[in-house]
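Contents: one structure, followed by commentary.
Every number here is computed from the coordinates shown, using simple stated rules; none is lab data. Note that this is a predicted model, so its numbers are computed, not measured. Here the Cβ is made from the backbone with ideal geometry for all residues, glycine too, and neighbour counts use every protein chain on show.
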Amino acid sequence: MNDTSEYRKLMRYAARLVSLGDMAGALSVYREAIVTDPHCAAAYLKAGMLLQCTGHPEDATILLERASSLDDGSDADVIADAPYQSLLAQAGEYLALGDPQGAEDTCARAITMAPQRAEAYYVTAMLHWSQQHPLQAAYAMEKVARLCSTDPLAWNGLGVAYQAAGMVHEAIDAFAQAVVLDPECETAWNSLKEAYLIAGDTDSAALAQEHCDHCRRKS
């Protein structure tokens, strides 16, 4: 397996851990991805975003500055300028102080500053997820998916939030979009299978499982 495929596999796995609420595990995998390909901005960016929404603004700033310096184009629309990043760092500080409302309000200011960027919406979604508010997380992830419309992991994250909020048919649509964007995304196929099972569509679930098995064999 070459470095590129290993990097993509790690990024998918980290996104899966985020969707399950395992922020510490996801951060560890993002760091492994950075070691695998230290010249790609995406893992620095995602790890920095996680550190921000879990209350570690100083560590987040280091990774986000590195992402900005690389700027390989893969996440150019979400790598923010200094004032924007400063607001997200403040949101992380509010979280560290146990003030989720302050963090949410600060993210809202960042969104007002740069509504075309996905990062603050993503941090808001993770904030709601950590507070077990899946419907609010889904609303924020809708923005992320629209802004990152070609990113299968954004659609998978949206589907996870929908499913947690009891919106299984919307979840199926989001997972289906994820596999359209990346037919080799095992995480999205597995998510789609689980959603079909919840909806009682065992035939479609079996088909999704076949695709999932195919992806696993290829990896």
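Of all lysines in the structure, those lying under 20 Å Cα to Cα from LYS143, and not within fewer than 8 positions of it along the same chain, are LYS46.
The lysines whose alpha-carbon is closer than 19 Å to the alpha-carbon of LYS193, local same-chain residues fewer than 8 away aside, are LYS218. Between the beta carbons of ASP173 and SER5, assuming R0 = 25 Å, the FRET efficiency works out to 0.35 to the nearest 0.05. The smallest convex shape that holds all Cα atoms of the stretch 148-219, its convex hull, gives 66 Å³ per residue. Only helices enter the 222 nm calculation for the chain: every DSSP H run of n ≥ 4 contributes -39,500 (n - 2.57), and dividing by all residues gives -25500 deg cm²/dmol, rounded to 500. Across the alpha-carbon atoms of the chain, the computed radius of gyration and Dmax are 16.8, 50 angstrom.
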